[in-house]
1. Restricting to the range 170-206, and then to whatever is under 17 Å from the mean Cα position of the chain (by Cα) and of a type outside the set (Asp, Glu), can you tell me which residue is surrounded by the most Cβ atoms within 10 Å (Cβ to Cβ)?
2. Six or more apart or on different chains, Cβ atoms under 7 Å: show the pairs whose first residue is in the range 121-145 and within 14 Å of Ala181 (Cβ to Cβ) and whose second is part of a helix (DSSP H, G or I).
3. Can you pull out the residues in the range 3-24 that are assigned to a loop (DSSP other than H, G, I, E, B) and aliphatic (A, V, I, L, M)?
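Derivation of every value follows stated rules applied to the coordinates shown; laboratory data play no part. Since the structure is predicted, the reported quantities are computational estimates derived from the model, not experimental observations. In this analysis, Cβ positions are derived from the backbone assuming ideal geometry, glycine residues included, and neighbour counts consider all displayed protein chains.
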Amino acid sequence: MRQLADDLPDRLVIAHLGNGASVTAVKTGKSIDTSMGLTPSGGVIMSTRSGDLDPGVLVYLLREKKFDAAMLEELIDGRSGLLGISGVGGDMRRLHKVASSNTDARLAIQMFCYSVRKQVAAMIAALDGVDLVVFTGGIGENDDEVRAAICRGLSWIGVSLDEARNDSANNPVNHPASRCAVLILASQEDEQIARHTWALFPKSLC
């Protein structure tokens with residue numbers, strides 16, 4: 001949002017896709033909804049995190065498989081997501097390399113894109129439309145195939161990419177006929193953490 005500055009639209013969806021992943025709806029500069037909940041485990045499928053689960057799954061694991069809290073946490077946060085689906089790993093780059101010969105790796109990529117697409121659509125509904133979609137994070141910034149797959153599933157609302165611009169990450173990556181703009185922006189997480197830290201730092205010690 002800081003990078004957009006004066007170009008910040010009224011209705012913005014941010015898809016932050018990396019080892020951790022979330023989708024956020026921003027209305028007139030304020031976040032009004034996000035895919036993560038109390039913890040980073042909820043929302044979209046991630047590298048090793050499950051994303052949203054039927055609560056009954058946890059009850060089943062507790063009752064039938066005798067899991068305790070530590071075992072549940074390890075399963076949900078450390079052995080699920082892309083890793084759990086593919087059996088290969090949680091790194092999207094690795095999955096792309098083996099996808100042509102590994103059906104589970106292909107399935108993991110497809111499920112990830114489907115999961116993100118659902119959350120983007122939910123945030124568009126929360127915003128009552130969308131003016132701009134931003135992709136950020138390691139996958140969002142660098143994976144043109146994933147961006148294309150997600151946006152193909154949003155064609156019903158008029159989102160479309162320019163293939164050549166998307167492949168080269170040349171902003172804007174949307175097709176001129178797209179109903180909303182699509183950009184790729186660096187997440188700059190470290191810089192933002194530094195800003196928050198500086199704001200908390202006692203000014204008497206500066």
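1. Val182
2. Final answer for the pair search is Ile124/Ile157; Val130/Ile124; Val133/Val120; Phe135/Glu141; Phe135/Arg147.
3. We begin by selecting, within the range 3-24, every residue assigned to a loop (DSSP other than H, G, I, E, B); these are 3-4, 8-10, 18-20.
Of everything in the range 3-24, those that are assigned to a loop (DSSP other than H, G, I, E, B) and aliphatic (A, V, I, L, M) turn out to be Leu4, Leu8.
Conditions tested, residue by residue: (1) in contact with a strand residue (DSSP E or B) (Cβ under 8 Å, 6 or more places away or on another chain); (2) surrounded by 14 or more Cβ atoms within 10 Å (Cβ to Cβ); (3) among the aliphatic types (A, V, I, L, M).
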position	(1), (2), (3)
Val23	yes, yes, yes
Val26	yes, yes, yes
Gly42	no, yes, no
Asp54	no, no, no
